[in-house]
Amino acid sequence: PSNDFYINLLALGKPNMSIYLIRHAQSAFNAVYSPNKPDPMIFDAPLTKLGETQAKRARLEVEKFKIKNVIVSPFTRTLQTAQLIFGNKLPFQINAEVREQLVNSCDVGSPPYKLAEDFPHLNFNHLDECWWHEGEKDYRGISVEPEEVLMERADRFVDYMKRECIQSTAIVSHGNFIRALTGIKPQNCDIIKFEF
């Protein structure tokens, strides 16, 4: 994938809903990962300098939208991306349902106490100690989340958005989770307009 900044706007359905799915900016894992090489074993990877630049660019795009709420995955890379895009202007709702599918080391999260140390202004008390996927571990010691479990989680989140009438909201999430919602695998810091 290219390191250039992309923005994709996809309208699905009614034009009056306004939910923007934002994939996190480039992480330290993204910068070195190759499917042909062993997992670099970078857990809960932070953003790179390029990632910080991508997020700052995305801030200019996001200012065009009337966003009132931000839902953020509890991974370090999504929290940092959301922070760089939105600053402290809007409250963040930390929601583990929008986390990444556990496939590689970067998809193993940090426990709430560690996140609270790194992001002391945010509340992680509602998260389980292990809020990412748990299951049988592979040779790397990683519990890969099956595709059907990811799809069920994405469906649950769509039901939640409908039930709560979520609007004017940015969801800072991940490539596979956004793919599960839209069928599109976004690049780092892509913005996709999602409508029910």
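The lysines whose alpha-carbon is closer than 23 Å to the alpha-carbon of K193, local same-chain residues fewer than 8 away aside, are K14, K56, K64, K66, K68, K89, K162, K185. Just add up the charged neighbours of V158: K/R +1, D/E -1, any other residue whose Cβ is under 13 Å from the Cβ of V158. Every neighbour counted, the sum reads -2.
Using the Kirkwood formula over every pair of different C-alpha atoms, what hydrodynamic radius in Å results for the stretch 84-134?
One decimal place: 12.2 Å for the Kirkwood radius.
Amide hydrogen proximity for S27: with H placed 1.01 Å from N in the peptide plane, the residues at 5 or more positions away or on another chain lying under 5 Å are T48. Here's the list of aspartates and glutamates a cross-link from K114 could span, going by alpha-carbon distance under 15 Å and ignoring same-chain residues fewer than 8 apart: D44, D128, E129.
For the stretch 43-121, what does the accessible surface come to per residue with a 1.4 Å probe? Please give it in Å².
Values: 3460 Å² over 79 residues.
For the stretch 43-121, the solvent-accessible area averages 44 Å² per residue.
Using just its DSSP H runs of length 4 or more, each adding -39500 (n - 2.57), the chain gives a mean residue ellipticity at 222 nm of -9500 deg cm²/dmol after division by all residues.
For the Cα atoms of the chain, what angle does the longest principal axis make with the long axis of helix 147-163, in degrees from 0 to 90, nearest 10? The angle comes out at about 30 degrees.
Based on C-alpha pairs under 8 angstrom that are at least 6 apart in sequence, the chain has a relative contact order of 39 percent. Treating each Cα of the chain as an identical point scatterer and summing with the Debye formula, the log10 of I(q)/I(0) at q = 0.11, 0.12, 0.19 Å⁻¹ comes to -0.46, -0.55, -1.50. Let me make sure I get this right: for the stretch 82-193, a, b and c are the square roots of the gyration tensor eigenvalues over alpha carbons, sorted descending. Under 1.5 in a/c it's rounded, otherwise prolate if a/b > b/c, else oblate. Which is it? It comes out oblate by the Cα gyration axes. In degrees from 0 to 90, rounded to the nearest 10, what is the angle of the helix 49-62 Cα long axis to the longest principal axis of the chain? Approximately 20 degrees, to the nearest 10. Taking the longest Cα principal axis of the chain as reference, the axis of helix 76-86 is set at about 20 degrees.
The values are calculated or read from the model by the stated rules, or taken from the named source; none is laboratory data. Since the model is a prediction, treat every value here as computed from it, not as a measurement. In this analysis, Cβ positions are derived from the backbone assuming ideal geometry, glycine residues included, and neighbour counts consider all displayed protein chains. Side chains are part of the model used for accessible areas, which takes the heavy atoms of the whole protein and leaves out ligands, DNA and RNA. Shrake-Rupley method; radii C 1.70, N 1.55, O 1.52, S 1.80 Å.
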